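*Asks:* Below is one structure. I have some questions about it.
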Amino acid sequence: MLTQEQFDNFVNQLKDDNLHYLLIKQDNQVFRHAFNDKTTPSDVRSIAKTVLALFCGMVIDKHHDFNIDTLVWPFLEPIVNLRNQDNLFYLKQLKIKHLLNHTIGFDQVLLMRNDIKELDPYSLVDLVVNTPITYHPGSHYLYSNAGFYLLAIVLERYLKQDLLTVIQHQLFDPLDIKDFHWQHYGHYLAGATKLFLMPEDLLKIGEVLLNNDQSLVSSDWIQFLKKITVLTPKNDTPTHQYFRRYGYGSGMWVNHQDLYFGHGTDGQTLVMIPDKKAIIITMAQQRNVKHLESVIDQIISALYQ
């Protein structure tokens with residue numbers, strides 16, 4: 001078990017890394033530190049993908065006519081202006097599972113926040129569907145924000161309700177998550193990003209993913225999320241013993257062992273370690289995350305001692 005002394009040492013190592021929060025839970029023991037006395041929610045960046053992937057499974061569990069092989073185009077066609085007709089062949093093949101694992105078939109990264117900050121947010125759906133698709137869906141992995149933005153749109157149009165309202169009622173309220181904010185791009189939830197949470201509330205999401213809480217989502221869905229769909233050697237850090245982006249599942253990264261995590265730009269991490277019944281959370285605004293991720297690897301190593 002991690003000791004207070006060990007935790008304090010990790011806090012000291014991270015004091016210059018522009019962290020907001022460090023939280024570690026193992027069994028019933030919780031260590032938490034707020035850097036610079038921060039008291040407000042943090043932008044979890046791409047961990048929003050993990051949250052949306054979790055909610056997608058809840059929808060699939062409840063509705064027999066919606067699953068990972070559901071076609072996406074029927075939900076998108078009525079709301080977009082498809083100028084690039086060459087894309088139609090691929091868009092008609094696009095399925096929910098391709099949105100979840102970044103295999104739409106693009107050869108360029110889309111909707112990263114610095115790239116779209118000057119664009120009309122109401123134009124982003126059209127931007128995505130008109131960007132050339134160069135590979136068959138499912139055949140080529142390229143990480144971006146496009147898939148999960150489309151997933152948010154498809155979920156809202158399938159449910160015929162405001163997506164954030166449904167997520168609040170079905171996921172956040174049962175977990176007693178109240179202090180949150182999730183921004184929209186135009187008419188639709190950003191999906192891939194722009195979710196603000198407190199570390200204690202992100203921990204609740206992690207506990208669902210760690211403990212296979214079947215009151216909210218089936219254990220089969222959790223297993224699906226953490227099943228590697230593609231190896232990611234360009235993102236991997238093999239010099240780390242544990243904290244490695246060895247492969248991508250669906251909405252989560254997976255190491256070469258039974259460890260899986262949500263990961264966001266500037267130092268956001270939500271790590272689940274099943275055999276140690278542990279969760280690690282970092283929330284930060286750190287552009288250079290090399291040192292931070294090295295410390296996370298040290299924390300995981302300490303949990304195994």
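*Asks:* With the requirement that a residue be in contact (Cβ under 8 Å) with a residue 24 or more places away in the chain and assigned to a helix (DSSP H, G or I), what does region 194-220 give you?
*Replies:* Once the filter is applied, which keeps residues that are in contact (Cβ under 8 Å) with a residue 24 or more places away in the chain and assigned to a helix (DSSP H, G or I), region 194-220 yields 199, 200, 201, 202, 203, 204, 205, 206, 207, 208, 209, 210.
*Asks:* Which residue out of 160, 204 is out of contact with any Gly (no Cβ under 8 Å at 6 or more places or on another chain) and more than 18 Å from residue 80 (Cα to Cα)?
*Replies:* Only one candidate passes the filter, namely 204.
*Asks:* Quick one: what pairs do we get from region 12-41, first residue within 19 Å of residue 279 (Cα to Cα), second among the β-branched types (Val, Ile, Thr) and assigned to a strand (DSSP E or B), C-beta under 6 Å, 6+ apart or different chains?
*Replies:* As it stands, the answer is 22/282; 23/281; 24/280; 25/279; 31/24, since those pairs meet every condition given.
*Asks:* Moving to a separate point now. Taking the stated definitions as given, is residue 115 within 30 Å of residue 174 (Cα to Cα), surrounded by 13 or more Cβ atoms within 10 Å (Cβ to Cβ) and among the acidic types (Asp, Glu)?
*Replies:* no
*Asks:* Same structure, new question: Return yes or no: is residue 218 surrounded by fewer than 16 Cβ atoms within 10 Å (Cβ to Cβ), at pLDDT 95 or above and among the small types (Gly, Ala, Ser)?
*Replies:* yes
*Asks:* Of all residues in region 7-29, which are buried (at least 16 other Cβ atoms within 10 Å of the Cβ) and farther than 25 Å from residue 287 by Cα?
*Replies:* Passing the criteria: 25, 26.
*Asks:* Mind listing just one residue for me: the one in region 30-57 that is charged (D, E, K, R) and surrounded by fewer than 21 Cβ atoms within 10 Å (Cβ to Cβ) and, of those, farthest from residue 250 (Cα to Cα)?
*Replies:* The extreme case among them is 37.
*Asks:* Let me ask something else. Is it the case that residue 142 is more than 20 Å from residue 77 (Cα to Cα) and among the aliphatic types (A, V, I, L, M)? Give the steps one after another, and end with the answer.
*Replies:* Details: more than 20 Å from residue 77 (Cα to Cα): yes; among the aliphatic types (A, V, I, L, M): yes.
It is true that residue 142 is more than 20 Å from residue 77 (Cα to Cα) and among the aliphatic types (A, V, I, L, M).
The values are calculated or read from the model by the stated rules, or taken from the named source; none is laboratory data. For clarity, every value in this text was computed on a predicted model and none was experimentally measured. No Cβ is skipped: glycine too gets one built from the backbone with ideal geometry, and neighbour counts run over all protein chains shown.
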